[in-house]
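Every number here is computed from the coordinates shown, using simple stated rules; none is lab data. As the structure is a prediction and not an experimental result, all values here were calculated from the model. When we count neighbours, we look across all protein chains shown, and the Cβ atoms used for this are built from the backbone with ideal geometry, even at glycine.
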Amino acid sequence: MPLFRYLIPLLLLMGSAHAEQSLQPSSELALPSAPTFDAAPPPVMPLLPDPSREVKDDLPPIPTIDLTTPPDDLWQRMRNGFSMPDLDSPLVADRQAWYLNRPDLLKRIFGRSRLYLHHIVAELEKRGMPTELALLPIVESSFNPLAYSSARALGMWQFIPSTGKNYKLQQNWWLDQRRDIVASTSAALDYLQYIYEMHGDWHLALASYNWGEGAVGRAIAKNRAKGLPTDYQSLKMPGETRYYVPKLQAIKNIIAQPQLFGLSLDQIPNRPYFGTVERSGNMDIALAAQLAEIPVEEFIALNPAYSRPVMPTTANSPLVLPAEKVQTYLDNLQSHEAQDKPLSAWHTYKLKKGEKLDSIASRYGINAARLKQLNGINARTKLKPGFALLVPGKDAIGCDSIAGQLPQTPSKPPRATKWKKRKAGKGSGGKSRGAVVAKIRKTPAAKPAVKPKKR
């Protein structure tokens, strides 16, 4: 036991000395050692793929749209500009079924649209507006510039008289610019921009276009006062307006993916169908068609605003001609004016006291019925001394045949179509119980579309 007492301090002293020695820096560690062949090899870096070798991917490539090269098809150009929020509503499927069950109607509408669609799409793009708005005339008028509603809405964009005047569309004895392709399109896009900026929502803007911005504003205020949502689908509105945006959405869906619905769309060349030419002075419609070397019917289809055989200076509207006929018109006009020929062979004759229309018509080589037609005279017209009549001069072209081709604004609007509730399963779309649907009459392409409107 005493020996063990002396060994413990000795062992502790030896351990302390060994630990102190192990903490001294080694002269071999202080200097960098040269690499030896026995050193661990560096980590192996992964090999990069050889760019010359084809890399195959099991997944199909993501389809892309080349927006740098204009498409050849106007439909595709329009699809590229679709930017309006889609409407999710059972009424959209209902209207899709309605249109798809009428392929002949769609074909006629798309056929008429070929004349005007490129101009509308181009104007929308200039303003940065959604291009699906170019399809709105399908809902409004079936692209018929002569469409006339029970609310006296007229033209491709269906302006009522007051709104047309607010947007500088002339409406007088000579013409009605609500039928004018260029002027009415400009006014319609101005109006759509205005009501979109008012609501900040395209669906509410479209409801305003159909129902009136005042009516939509009051419906929004009522919902807001009740703490209810104020979006398009939450507002209480007439049946026509309830179906208005679904109609446009249905047409948009069909145009976006026609193959999905088993529909084949004929391509529309992505180039202007018509061009415009400024004019000065009164000019006969028949002469303008002759100088452009096109039928009078085609000229009137592109210039449907005029109600008389003469286009007045005050109209301040350019001529609309097929694009390939613009230069032909200019060349023939130059030749015509070089011969000092007048641009109008029609004259104004003021009715004298006691004069009869029969005697005036006979004097100018036409019958009384034609004279009335050319001057928009009907049973309600009051004829009195000083009444101005448009009569043909000796060089007037086609004075008898043109009378029946000139569009007129009817003095009496057609009756309004009726809206009624139908039960589910009673219509083409499998509508839910209590859904409001339109009773739509199928009208021939040549007749104005009848549709109630309030703005």
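Please work out the FRET efficiency for the pair Leu228 and Lys107, using the Cβ-Cβ distance as r and a Förster radius of 56 Å; give the result to the nearest 0.05.
After rounding to 0.05, the efficiency reads 0.85.
What are the semi-axes of the equivalent ellipsoid of segment 228-271, taken as the square roots of 5 times the eigenvalues of the Cα gyration tensor, listed largest first and rounded to whole Å?
31, 11, 9
Normalising by the residue count of segment 346-394, find the relative contact order in percent from Cα pairs under 8 Å and 6+ residues apart.
Relative contact order of segment 346-394: 62 percent.
Among Trp346, Trp98, Trp173, which comes first, second and so on when ranked by fewest other beta-carbon atoms within 10 Å?
Least to most surrounded, the residues fall as Trp173, Trp98, Trp346.
Calculate, in nm to one decimal, what Ala416 and Arg271 gain on full extension: separation in residues at 0.36 nm each, minus their alpha carbon distance.
Once the chain is fully extended between Ala416 and Arg271, it gains 48.4 nm.
Could you list which residues have their amide H under 5 Å from that of His347, counting only those 5 or more apart in sequence or on another chain, with H placed in the peptide plane?
Val391, Gly393
What are the residues whose amide H is under 5 Å from the amide H of Met84, where those residues sit 5 or more places off or on another chain and H is modelled from the backbone?
Glu132
Measuring from label point to label point, each 7 Å out along Cα→Cβ, what is the Asn367 to Asn316 span in nm?
4.1 nm
Efficiency by 1/(1 + (r/R0)^6): what FRET value for Thr69 and Ser264, r their Cβ-Cβ distance, R0 = 30 Å, to the nearest 0.05?
With R0 = 30 Å, the Cβ-Cβ based efficiency is 0.80.
Hey, can you grab everything whose amide H is under 5 Å from the amide H of Gly275? Only 5+ residues off in sequence or another chain; H modelled, so Pro and N-termini drop out.
Excluding prolines and chain starts, which carry no amide H, the hits are Leu321, Ala323.
Can you sort Phe143, Phe159 so the residue with the fewest Cβ neighbours within 10 Å comes first?
Phe143, Phe159
Kindly give Rg over Rh for segment 274-345, based on alpha-carbon atoms, with the Kirkwood expression for the hydrodynamic radius.
0.91
How would Met237, Met311 line up from fewest to most surrounding beta-carbon atoms within 10 angstrom?
With the fewest neighbours first, Met237, Met311 line up as Met237, Met311.
For Ala305, what is the net charge nearby, where nearby means another residue's Cβ is under 11 Å from its Cβ and Lys, Arg count +1, Asp, Glu -1?
Result for the neighbourhood of Ala305: +1.
Using the basic label-point model (7 angstrom from Cα toward the beta carbon), what is the Thr328 to Lys384 distance in nanometres?
4.8 nm
Once a ≥ b ≥ c are taken as the square roots of the eigenvalues of the Cα gyration tensor of segment 178-324, is the result rounded (a/c under 1.5), prolate (a/b larger than b/c) or oblate (a/b not larger than b/c)?
Oblate shape, in that a/c is at least 1.5 and b/c is the bigger or equal ratio.
Modelled label-to-label distance, Ser83 and Ala122, 7 Å Cα→beta-carbon offset: nm?
2.0 nm
Toward the positive end of the charge dipole of segment 346-394, about the Cα centre and with charges on Cβ (Lys, Arg +1; Asp, Glu -1), which of Ile360, Gly386, Leu374 goes farthest?
The residue sitting farthest along the positive end of the dipole is Gly386.
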